[in-house]
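Below you'll find the structure, written out as structure tokens, and then a few comments.
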Amino acid sequence: MADITSRLKAVKEGIRKLANLAGTEQAEAAQQLAAKLGADLDRVAAEAAAQPSPPVPPEKASPPAPRHEEIRCPICSLRSFTYQRGTVRESADSSTGFEAFYRCLSCGHQAWRESE
């Protein structure tokens, strides 16, 4: 909020300087307009300062690696269905909330499985 307040103060100062540059025939109108705009900026700055800052979302913990990195392949039944490191993602369908990508080193079968 401090950044917004300082920027609004700079705009207000610019309006004041612009009003001082107005010619003699329009000096009165320029001063009135500058005063009105200055008051509007003060009100906006006060409202911005009064608003609470948005809450910072909590940082998500990195998903856990699966407990079993090598399991039996559902296709060839060999114990070569291997977890591919760094492939854990969130999943709405699993009870743990995460799933990991596995690849069989024997038959080449690939699939996402619930991370246990």
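The values are calculated or read from the model by the stated rules, or taken from the named source; none is laboratory data. All values derive from a computational prediction rather than experimental measurement. For neighbour counting, all protein chains shown are included, and Cβ atoms are generated from backbone atoms with ideal geometry for every residue, glycine included. Areas reflect the complete protein model, heavy atoms only, side chains present, ligands, DNA and RNA absent. Shrake-Rupley method; radii C 1.70, N 1.55, O 1.52, S 1.80 Å.
When segment 60-116 is filtered for residues that are out of contact with any Phe, Trp or Tyr (no Cβ under 9 Å at 6 or more places or on another chain) and aliphatic (A, V, I, L, M), the ones remaining, listed by number, are ALA61, LEU78, ALA92. Would you confirm, using the coordinates I've provided, whether GLN51 is of a type outside the set (A, V, I, L, M, F, W, C), under 30 Å from LYS12 (Cβ atoms), within 23 Å of the chain's Cα centre (by Cα) and open to solvent by 90 Å² or more (accessible area, probe 1.4 Å)? Yes: the conditions hold for GLN51. In this entry, ARG16 is excluded by the filter for residues that are open to solvent by 80 Å² or more (accessible area, probe 1.4 Å), under 28 Å from PRO55 (Cα atoms) and either in a loop (DSSP other than H, G, I, E, B) or out of contact with any Lys or Arg (no Cβ under 8 Å at 6 or more places or on another chain) (or both).
Within segment 19-43, the residues that satisfy the criterion of being among the small types (Gly, Ala, Ser) and either surrounded by fewer than 13 Cβ atoms within 10 Å (Cβ to Cβ) or in contact with a His (Cβ under 6 Å, 6 or more places away or on another chain) (or both) are GLY23, ALA29, ALA39.
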